[in-house]
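To start, the structure itself, in structure tokens.
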Amino acid sequence: MAPSPGSPTLILVPTAVEERRLEDQGGFDPGLGLVALCGFGPIAAAARTAELLSTLRPARVVLVGIAGTFDAELLPIGRALAFDAVAVEGIGAGEGRDLAGPAALGFPQWPGAGGSEAIHDRIVLARSRVRDPARLRDPERTALLLSTCAASASAAQAALRRERFPEALAEDMEGFAVALACALAGVPCQIVRGISNVVGDREPARWRIPAALAAARLCAHEVLRQRDGAA
């Protein structure tokens, strides 16, 4: 699906809560793109993104929202980041330390078509500093976002996920789904997440959602002004 001339940038936000908080911070100028909800979690996000890509035919997609940090010193609460790549955890067979992902099972999530590469559990995002998927496991060279079907409920669960993806800086629930829908449609995708909490911390009193989304909005504005990001 090639975008048509004059196609808009599509700004996706997972939840209405995040959308309202972003609007409280000033929102996004209409000239920067169209804002739409993609839904909470990977299934809703994949389905809704695919629908919007089909109807709007955007030139690019920018996903904006909150995430948890795996390392509050490396990526502090209240900061925001435009990620180089996104991975997914939880697809495959088994659970815990017995989990075997798509690559281990020999079943890519998408086998590739028309010259496109197979997609297992990692996707390089538009304008990434990393173009070689083999380098996505190097934490010194890439900012990796890890998407999960359910957020980590404890520090122990977060630590286990970090064992499998030691280069992951943050955890979300929609990034990989949106990126996969975009990859299948041939639409560039970028992801900006503001850090609201430490992964595994389920105590809302310690979350800093307004600060995270304020930072995400500023970071997203920088990304959105890079018009050649759609190339």
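A few points about this structure:
- No disulfide-compatible partner, judged by a Cβ distance under 4.7 Å, exists for the following cysteines of the chain: 38, 149, 219.
- A helix-only calculation puts the chain at -8500 deg cm²/dmol for mean residue ellipticity at 222 nm, using -39500 (n - 2.57) for each DSSP H run of at least four residues, averaged over all residues.
- FRET efficiency for residue 104 and residue 156, using Cβ-Cβ distance with R0 set to 22 Å, rounded to 0.05: 0.50
- For the peptides 214-221, 189-196, 80-87, the ranking by packing is 189-196, 80-87, 214-221, with the highest mean count of neighbouring Cβ atoms within 10 Å listed first.
- The length gained on full extension between residue 16 and residue 113, counted as 0.36 nm times the residue separation minus their Cα-Cα distance, comes to 31.4 nm.
- A DSSP coil position with no more than 15 other Cβ atoms inside 10 Å describes the following GluC sites (Glu not before Pro) in the stretch 50-113: 73, 95.
- DSSP beta bridges in the chain [antiparallel fraction, %, rounded to 5]: 30
- Simple label model, 7 Å out from Cα along Cβ direction - residue 209 to residue 47, nm: 2.3
- Net length gained if the chain between residue 72 and residue 164 were fully extended (0.36 nm per residue, minus Cα distance): 31.2 nm
- Cα-centred dipole magnitude for the chain, charges only on beta-carbon of K, R (+1) and D, E (-1), debye, nearest 20: 360
- Derived from the Cα gyration tensor, the three semi-axes of the equivalent ellipsoid of the chain are 25, 23, 15 Å, largest first.
Laboratory data are not the source of any read-out in this text; all were calculated from the coordinates shown. Keep in mind that this is a model prediction, so the values were computed, not measured. Neighbour counts are summed over all protein chains in view; Cβ atoms, including those assigned to glycine, are modelled from backbone coordinates with ideal geometry.
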